[in-house]
Amino acid sequence: MDIYEVVKKLIGDVEPIGDSTIDSMTYENLQKLTSLAEQLLTDICRIETEYKNNHQYSMKRASEHCAGFLDANGVHE
């Protein structure tokens, strides 16, 4: 089981089906999922910014990886 599968299992179903009883639960799960995504993006943005001009290879590499991820996913302006 990978991290994605663990998170999906912990959060639960997020797909609405058109039944208000079930959809209120899936909406709560969706809120948890988007909150987690926001926290993860905050971490990624912080690393990209904080180590952007670092002279140490491993720290600059981490920043460049984050920048590439953000660019590929349309998060950068």
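Some values worked out for this structure:
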item: Any hit, region 9-29, residues being touching a residue at least 24 places away in the same chain (Cβ under 8 Å) and either in contact with a Leu (Cβ under 6 Å, 6 or more places away or on another chain) or exposed (fewer than 13 other Cβ atoms within 10 Å of the Cβ) (or both); result: yes
item: First in region 60-72 and within 16 Å of ALA37 (Cα to Cα), second anywhere and among the acidic types (Asp, Glu) and assigned to a helix (DSSP H, G or I), Cβ under 7 Å, 6 or more apart; result: CYS66/GLU48; LEU70/GLU48
item: Test: residue in region 55-67 that is among the aliphatic types (A, V, I, L, M), surrounded by 15 or more Cβ atoms within 10 Å (Cβ to Cβ), assigned to a helix (DSSP H, G or I) and in contact with an Asp or Glu (Cβ under 7 Å, 6 or more places away or on another chain); result: yes
item: Subset of region 30-51 [surrounded by 14 or more Cβ atoms within 10 Å (Cβ to Cβ) and either under 18 Å from PHE69 (Cα atoms) or touching an Asp or Glu at 6+ places or on another chain (Cβ under 8 Å) (or both)]; result: LEU41, ILE44, CYS45, ILE47, GLU48, TYR51
item: Boolean, TYR51 is over 30 Å from GLY12 (Cβ atoms) and aromatic (Phe, Trp, Tyr); result: yes
item: Test set (1) assigned to a helix (DSSP H, G or I); (2) surrounded by 12 or more Cβ atoms within 10 Å (Cβ to Cβ) - GLU5 fails condition number; result: (2)
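Since every read-out is calculated from the coordinates, none of them should be taken as a lab result. Everything numeric in this text was worked out from a predicted model, so none of it was measured. We place every Cβ from the backbone using ideal geometry, glycine too, and count neighbours over all the protein chains shown.
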